[in-house]
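Some notes on the structure that comes next.
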Amino acid sequence: MPKKSAKLGRLFGAGASNYKATDRLGAKVAIDSVQPAKATLGFGYDSPDDKYGVGLTSSFVAGKRSDNGEQFYHAGGYHVMDLATYWNINPNIRLNVNLNNLFNQKYHDYATVSGMSATDSTQIERATMPERHVSASLSFNF
């Protein structure tokens, strides 16, 4: 019987958005509701028998400040990596385990902090995205 070769799963995507509008004086201004530019790249591996798999996802996000003035907090750019694994225990049960924010980056999501005062350190600290954390789930198919 020929030996099955390992299959390599690939997943990638990219996106960017930098929309500008014109204010009443004719100056170009960013639209605050548009998220900053983001690119995501991922690689994955599934075992030949689909018994287990692993994936690594890397997200790069540009920084952005509300265009309404310097008094608003600037959400800095960041890079976050996540590791995801799964194990098909049997044909009906699957265990998923993810290690998110692999390198324990402290960062803020623009959608969360846009419009916050740059001097309101308490609110900004509360809006910090989760540091390294693990999530797990068990799926039952019937």
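Values in this text are rule-based calculations from the coordinates and carry no lab data. Owing to the predicted nature of the structure, the values given are computational and were not obtained by experimental measurement. Positions of Cβ are backbone-derived with ideal geometry, glycine not excepted, and every protein chain shown enters the neighbour counts.
Length gain on complete extension for the stretch Thr22 to Asn92, per 0.36 nm per residue less the alpha carbon to alpha carbon distance? List each step's numbers first, then the result.
Details: separation 70, 0.36 × 70 = 25.20 nm, distance 5.54 nm.
Extra length available between Thr22 and Asn92 comes to 19.7 nm.
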Label zone at Thr119, where the point sits 7 Å out along the Cα-to-Cβ direction: region 52-93 residues whose backbone N lies under 16 Å: 69-74
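Let's test the formula: R0 of 22 Å, r as the Cβ-Cβ distance of Arg126 and Ser59. What FRET efficiency results, to the nearest 0.05? Don't skip to the answer; put the middle values down first.
Values: r = 22 Å, r/R0 = 1.01.
Efficiency, from the Cβ-Cβ distance: 0.50.
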Contour minus Cα-Cα distance for Ala37 and Lys106 (0.36 nm per residue): 23.0 nm
